[in-house]
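Every number in this text was worked out from the coordinates using simple rules, so none of it is lab data. Given the structure is predicted, the values throughout are model-derived calculations rather than measurements. Glycine gets a Cβ as well: all are built from the backbone with ideal geometry, and neighbour counts include every protein chain shown.
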Amino acid sequence: MDSESLWAALALVLVIEGLLPFLSPQSWRRAVAHIALLQDGQIRFFGLLAIVAGVLMLWL
C-alpha cells in the first residue's frame, strides 16, 4: 500500500464518520450519550469487533 492509498482510506473514514452527525445530529448526540454510559470493557469489545471486521474486509 502506498501513501496515496493510505491518505485516501483516511479521508474516506472521515467522510463516513461525518455522515451521521451531519445528517442527524440529534441521533448522533443520543448515540454518543449512550456510549458514554457503557463500561470500559464493553467499549473495548466493540473496538475489537471493529478492528476484526476491518482486517477481514481488507483480507477479502
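Details
- Degrees, to the nearest 10: 3-23 long Cα axis against longest axis of the chain: 20
- The angle between the Cα long axis of helix 25-36 and the longest principal axis of the Cα atoms of the chain comes to about 80 degrees, rounded to the nearest 10.
- Angle between the chain longest axis and helix 40-59 axis [Cα atoms, degrees, rounded to 10]: 30
- Volume of the Cα convex hull of segment 3-59, divided per residue and given in Å³: 92
- Modelled FRET efficiency - R0 30 Å, Ala36 with Asp2, Cβ distances, 0.05 increments: 0.20
- One decimal place: the segment Val55-Ala9 gains 15.2 nm when fully extended, by the rule 0.36 nm per residue minus the C-alpha distance.
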